[in-house]
1. Can you check what the net charge comes to around Gln3, using other residues whose Cβ is under 15 Å from the Cβ of Gln3 (Lys, Arg +1; Asp, Glu -1)?
2. Please give the helix 91-101 orientation as an angle from the longest Cα principal axis of the chain, in degrees from 0 to 90, rounded to the nearest 10.
3. List, in order, the whole-Hz ³J(HN,Hα) value for each residue of region 125-137 obtained from phi through the Karplus relation with A = 6.51, B = -1.76, C = 1.60 and θ = phi - 60°; use x for Gly and Pro.
4. Counting other Cβ atoms within 10 Å, keep those with at most 12, restrict to DSSP loop, and tell me which GluC sites (Glu not before Pro) in region 220-298 are left.
5. Once you list every other residue whose beta carbon is under 14 Å from the beta carbon of Gln136, what net charge do they have if Lys and Arg are +1 and Asp and Glu are -1?
6. Over all directions, how big on average is the projection of the convex hull of the alpha-carbon atoms in the chain, in square nanometres?
7. Can you pull the Rg over Rh of region 120-171, Cα-only, Kirkwood?
8. Between Asp214 and Gln278, what is 0.36 nm times their sequence separation minus the Cα-Cα distance? Round to one decimal in nm.
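Readers should treat all values here as calculations from the given coordinates under stated rules, not as data from a laboratory. Please read all numbers here as calculations on a predicted model, not as lab measurements. Backbone-built Cβ (ideal geometry, glycine too); neighbour counts: all protein chains shown.
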Amino acid sequence: MLQAEGLTRRYGDFLAVEDVSFRIEPGEVVGLLGHNGAGKTTIMKMLTAYLEPSAGRVLMDGVPIVEQPDQAQSRIGYLPENLPVYPELTVADYLAYVARLRGLDPAQAVPPAVRSTELEEKLSSPISTLSRGFKQRVGVAQAILHNPDFLILDEPTNGLDPSQTQHMRSLIRELSSHATVILSTHIMQEVSAVCDRALILRSGRLALDARLADLVDAQSLRVRAQGDAVENTLRNVPGVSGVVREDNAWQVQVSGPMDDCASAITEALVGSGASVQQITAVQKDLETVFRQVNEEVA
């Protein structure tokens, strides 16, 4: 388990991250979302013990990582947004070099990482000659050489074409079968495609922490009906917390099971003499949720 408690980071007078707390359980794939400057990269650097927090702490399986930074880092694989590679090295030489830095035998560590990232055909190619997509694969390969328990990926699909993006998504899903994955991105589709849960940052603070299945669940009903007292009837239905008129329909905010609320609304409207034309659940997508979170007053 990876846990952040009250993480705060200042750069001089600038407060980049403020009092952020969360916990990530083994096997989860978590999306870290936020606009540029929201604090995503700073949090990832603190999670990897690369950067010390100004306040708060990070715990790995209950142990503060500042107490055992080398042990913590040995369990973490990290793909930074700008991969610090040596462009003149071939893929094989670079991965062997990284393996040796980690105290691994390149002959044993490199082949599995190469197979996972499908880099076989590029092993003898200088990194400078690779496309953006293959460079990203090299970045992932160096991050998984040591079979980490935690894999932190910063914008792994940034700049990739659709085919490369699809390959990266498949790779992340495969890696999540034996590692906890934290995916930092500003691209909503990537989180929707591969993540179980989303942490949304706004101006350095954690604005939302929720499972995707709950995040995009219907929370309201759209009701189309005709009658003299439709709105008043809707407001008096148990479980209805808000009613807003939208053109020729009503947006009805509800609490409780959707089917039960829809049945109660139908019964109340019919009982009032109204003609019910349609009642449908209003589904949210992650992009809508993200926009709403960032439009809220901090």
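1. Neighbourhood net charge equals -4.
2. Compared with the principal axis, the helix lies near 80 degrees.
3. With coefficients 6.51, -1.76 and 1.60, one gets 8, x, 4, 4, 8, 7, 6, 4, x, 6, 5, 5, 5 Hz.
4. Here the sparse-neighbourhood loop sites are Glu296.
5. -1
6. That works out to 18.9 nm², a quarter of the Cα hull's surface.
7. 0.96
8. So the chain would gain 20.6 nm between Asp214 and Gln278.
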